[in-house]
Amino acid sequence: MADTEIALTESEIWDRIDVLLHLGRAHLESGVSAHEVISAVTDSGAGLGLPGLNVTVVGTVLQVEHVTEDLRSMNRSLRSTPTDTIHCERMYRLSRTVAQIRAGELTVAEARASTEADSQPLVSFWWTLTGAAFLGFCIGLHVGGGFLTAVCAGATFFASTAAGRVAARIGLTRLYAVVLQTMFSGAIAGVLVLTGVLSPSFAVGVMAVSWVLSVLYPALIGVVVDFVNSDHLAAVAKMAQLVLVVGGIVVGAVITFALKDVVLAGPWIKSTSRLCPLRSA
């Protein structure tokens, strides 16, 4: 256990800071609070011979600073990927690695290898999305309309979330990707109405299920936890991320309902009263 600073060269210090940054990023991406990330990084720093680190977490950005004996600041920062899920198994594996580092049981190279191994997802994104789509199916059962509405709710969420992920992969910012995802679910619901699969009221329920499940609930939980831990800066940063997603859903919903009026007024619709009784009132 290295609770006191040991004589290290500059390259060795940078190497340790790099390991701690990746360890902290792995914690952030597993869904833990900012307070737990700071605690894990500082404890691991003490185990690697860098006690008294200054660790800052603002949203998805992690900064680690070490002050040398001659009062020279050595710091680096790293940005993590925003997470939509909470990885309990990854949290457990990372906490085990932190305990081993704190006890001095791992070298720097071993700590790096263990962090990289712990950061690997246990299941792919698509399996996680399939589970979330099944949740949408279960919620759809309570919306009404029977089994068909529930299937459409789960399928719509799966397809729209996949579209949002593709949009993010091609370079769209989070806001535009959420807007596109919201509009895509609205387009699917519109097709279900136009083809006579669902009535307009049940189609709105399908859209609502998809939009509600698009909210970043792990971020919402993180906001509450950070406020309880008096880490208000991290809480505000997560709140901004949450507001960005909710704002994208609202913008996408407004555009969807605006385009609905244009579509229903098109010449390809022979009877809009059947599709939208409110228009004929």
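The values are calculated or read from the model by the stated rules, or taken from the named source; none is laboratory data. Small disclaimer: the values here were computed from a predicted structure and weren't measured. Note that each Cβ is placed from the backbone with ideal geometry, even for glycine, and that neighbours are counted across all protein chains shown. Note: areas computed on protein heavy atoms with side chains; ligands, DNA, RNA excluded. Shrake-Rupley method; radii C 1.70, N 1.55, O 1.52, S 1.80 Å.
Couple of notes before you dig in:
- For segment 231-237, Karplus couplings with θ = phi - 60° (6.51, -1.76, 1.60), whole Hz, Gly/Pro x: 9, 5, 5, 5, 5, 5, 5
- Proximity of backbone amide H atoms, modeled 1.01 Å from N, is registered between N75 and H66 at under 5 Å, excluding neighbours fewer than 5 places apart on the same chain.
- Rounded percent of accessible protein surface that carbon and sulfur make up, the chain, 1.4 Å probe: 65 percent
- Relative contact order for the chain, counting Cα pairs under 8 Å that sit 6 or more residues apart, in percent: 17 percent
- Where a label projected 7 Å from the Cα of S230 along Cα→Cβ would reach, residues of segment 30-44 with amide N under 12 Å: none
- Inter-part distance where segment 166-188 and segment 20-92 are each reduced to a Cα centre, Å: 31 Å
- Three-way shape label, segment 169-226, alpha-carbon gyration tensor, a/c 1.5: oblate
- Considering only G49, G146, F158, the residue lying farthest towards the positive end of the dipole of the chain is G146, judged by Cα position with unit charges set on Cβ.
- Accessible solvent surface per residue of the chain, calculated while the other protein chains remain in place, 1.4 angstrom probe, Å²: 51 Å²
- In this Cβ point-charge picture (+1 for Lys and Arg, -1 for Asp and Glu), segment 69-163 has a dipole of about 100 debye about its Cα centre.
- Which of T60, S185, A103, positive extreme of dipole for the chain (C-beta unit charges): S185
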